[in-house]
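Undergrad: Before I ask anything, let me first share the structure, which is written out below as structure tokens.
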Amino acid sequence: MTSHVVIVTGSSSGIGAATARSFGAGGAGVVVNSVRSVAEGEAVAASLADAIYVQGDIADPRLHRSWWTPHSSAGGASTHW
């Protein structure tokens, strides 16, 4: 999955967080997203090798642009974004 990016909504806890971690363990870049649980979402993203956290409602088109903003992870510049 190293050439894939997945967006996991509702991924700050529970099944969503487990799904994000599973994709991350498989080598995918992960966009962790939640509407409210910012600290929890940031913690999930920080626990993954190549992930970002984006807070917001996926029904808002302005949010989608932020998913593609280049970032760097703890391991250096991401090749996924």
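Undergrad: If V31 passes every condition in (1) of a type in the set (V, I, T); (2) buried (at least 18 other Cβ atoms within 10 Å of the Cβ); (3) farther than 16 Å from H64 by Cβ but one, which one does it miss?
TA: Going through the list (1) of a type in the set (V, I, T); (2) buried (at least 18 other Cβ atoms within 10 Å of the Cβ); (3) farther than 16 Å from H64 by Cβ, V31 breaks only (3).
Undergrad: Further question: Could you list, ordered by first residue, the pairs with Cβ atoms under 6 Å in which the first is in the range 13-37 and among the β-branched types (V, I, T) and the second is assigned to a helix (DSSP H, G or I) and buried (at least 17 other Cβ atoms within 10 Å of the Cβ), at least 6 apart or interchain?
TA: From the range 13-37, the pairs are V30/A20; V30/F23; V30/G24; V32/A20; V32/G41; V32/V44; V32/A45.
Undergrad: Ok, one more. Where in the chain are there helices (runs of 4 or more DSSP H), lying wholly inside it, with at least 2 residues that are at pLDDT 95 or above and on the phi < 0 side of the Ramachandran plot?
TA: Here the list reads 14-25, 38-46.
The values are calculated or read from the model by the stated rules, or taken from the named source; none is laboratory data. Computed from a prediction, not measured in an experiment: that's the story for all the values here. Backbone-built Cβ (ideal geometry, glycine too); neighbour counts: all protein chains shown.
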